[in-house]
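I have placed the structure first, in the form of structure tokens, so that the comments after it can refer back to it.
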Amino acid sequence: MPVGIFRVCLVLITAIINHPLLFPKENGTVPENMEEIIQKMKEREENLRLEQLRLEQEIAEQEARQKTLEKAAEVVEESKEENVRWDIWTTLSMVIFLLIELWRQDFQEGNWQDTGGEEDDMAVLGKAFKGVAFPDKAVLASFYEKRILGTTGDMARMREMVEGFADDLLEALRSVCNRDADMEVEDCMGVGSMYENWRVRKPFVCDLIVPFAPPEPYCFRSQTWCSGDSFPPDEQGYGTIKVCRADEDVTGCICDKTKLGEDMLCLLHSQASTTRPSTEMEDLLCFKNTQYLDADQVMKWFQIAVTKAWNRISHKYEFDLSFSLLDSPGALKIKFRSGKSIAFNLTPVVQYENSDVYFISHFPRSGLAADLPSSTHWFLTFAVYERRFIQLVSKTLPANACHVSCLQILSFLHGKQCSLTGPSGLTNYHLKTVMLHLLQACPSQDWAPEKLEARLQDMLKFLEKCLHEKKLYHFFIGNGKVPAELGFPIIFQRAEPLNLFRPFVLHRDVYRKTVDTFHEMLRNTSALINEYTVHIPLAHTNGIHKESL
């Protein structure tokens, strides 16, 4: 705008200065061709007027463009403000959503044992059951009698034979070991499905655990993930075992936990008592340059000791004994001359304090051993308490209660489906955990033998719910409702619940395969059961229904 006005003023000043009337020639005479001059002046004036109009038009266009730019800047500024407001609302919504999700998870974990509304959950769940023809009570009863009940006698005879041989083998093991330097082996105990009477799939395998202790003057001091120190999530359920002298107060002095410096000395412990030769600790089956018991070293020691023990007593038996699995310290197989064989597991364990919780070195026939963070981490097994709980609850149930039958049928179905479609992430221990939860949640009268069909469906629906949520909590850890008669350690009752389905959260491919296998098992339930069931006449079936009514 100022530039345009300056141009107009400059043109007018130039015209005035060059006007002939203001600055006449030196002779002062009026030119003769006045008319021609006037005509030129008019033309020049017209040109100046046109130039002025053009300049005014340019100035108007510049002002219009300036206004357009200002409006565009205002629109951009408004859009930025709207985006900022939208980002704030989005962030606030995400924060609220996360808080709600955290509260929901905390609520579920804090009330995982509150199963008062279990029947309502069962009614809401069971989506996978739609369109599935589930066998009735008569078919299930016939299947159980034909396929499962007949194996009970075989299991009892096998347990008796294996236990007798294991006792003889361990006695020989004690005789070949150096009592002053080697580990002290105690009597074995039977655990697992064979001793809880619900194993159905052959070959039958007895699981025996063998507690052992260090020679005098040493002792084991254990530390679990729930003992107070922080453990990473992948180490929950594990613990470490430290080999110490019996007269050493580990908890009363911090000299072994902090570096004192070269010029400082612990007044409670001398240098000789705190520092031991590495070879001595390795002889005590510890990890190199540490005082922590090494599961791999224990495996090697136990295999060598068992081999020596068998060489001492082999002449008494008319069969051969060998290790059936190289990665399990006590996976043994008895081979008879007739070609038959019997497999059993003799696994070394360490007792946790004065309880019946044990640190187990390896899990035979499972992938749990591969999940160990290191060879100094030992998994805790509650198998003895699980067996006692089943025995305790069974005393309050009706005669011929169906809880074991349900677990046997479910284990059979899952095993058959895995043989068809391949292994899944579910194990028999998961199935047993489901039964333990329902045993605690359901009234005793609900386990009457005539309610087999209903309880089996409850177990399947509960398992479906756990798979959907990727949450199946360990029955004992974090369970404040464990009967006091069991004498279960309070430290594990007060611990945070341990999710057995945590691997499904980390491995989505395994979870997808497990869910697909479970749904396929539901669809094949009738076919799998009918395959092993004698045909039942219609009149007999109707009679059973009338009696149940």
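The values are calculated or read from the model by the stated rules, or taken from the named source; none is laboratory data. Note that the structure is predicted; figures quoted are calculated from it, not measured. We place every Cβ from the backbone using ideal geometry, glycine too, and count neighbours over all the protein chains shown. We work out accessible area using only protein heavy atoms, side chains counted, and drop any ligands, DNA or RNA first. Shrake-Rupley method; radii C 1.70, N 1.55, O 1.52, S 1.80 Å.
Of note:
- Subset of the range 199-217 [at pLDDT 90 or above and among the aromatic types (Phe, Trp, Tyr)]: Phe212
- Among the residues of the range 514-529, those identified as outside any loop (DSSP other than H, G, I, E, B) and more than 14 Å from Glu464 (Cα to Cα) are Thr525, Ser526, Ala527, Leu528, Ile529.
- Residue match in the range 398-408 (condition: in a helix (DSSP H, G or I) and over 30 Å from Cys188 (Cβ atoms)): no
- Residue within the range 156-178 that is assigned by the TED database to the domain that holds Ala305, within 28 Å of Val393 (Cβ to Cβ), touching a helix residue (DSSP H, G or I) at 6+ places or on another chain (Cβ under 8 Å) and touching a residue at least 60 places away in the same chain (Cβ under 8 Å) present: yes
- Filtering the range 409-441 to residues that are assigned to a loop (DSSP other than H, G, I, E, B) and among the β-branched types (Val, Ile, Thr) leaves only Thr427.
- Pairs are defined by a Cβ separation below 7 Å, a sequence spacing of at least 6 or placement on different chains, a first member in the range 123-144 that is of a type in the set (Val, Ile, Thr) and modelled with pLDDT of 65 or more, and a second member that is buried (at least 20 other Cβ atoms within 10 Å of the Cβ) and part of a loop (DSSP other than H, G, I, E, B); the pairs so defined are Val139/Thr533.
- Of all residues making up the range 411-428, the number that are out of contact with any helix residue (DSSP H, G or I) (no Cβ under 6 Å at 6 or more places or on another chain), farther than 22 Å from Arg508 by Cβ and open to solvent by 20 Å² or more (accessible area, probe 1.4 Å): 2
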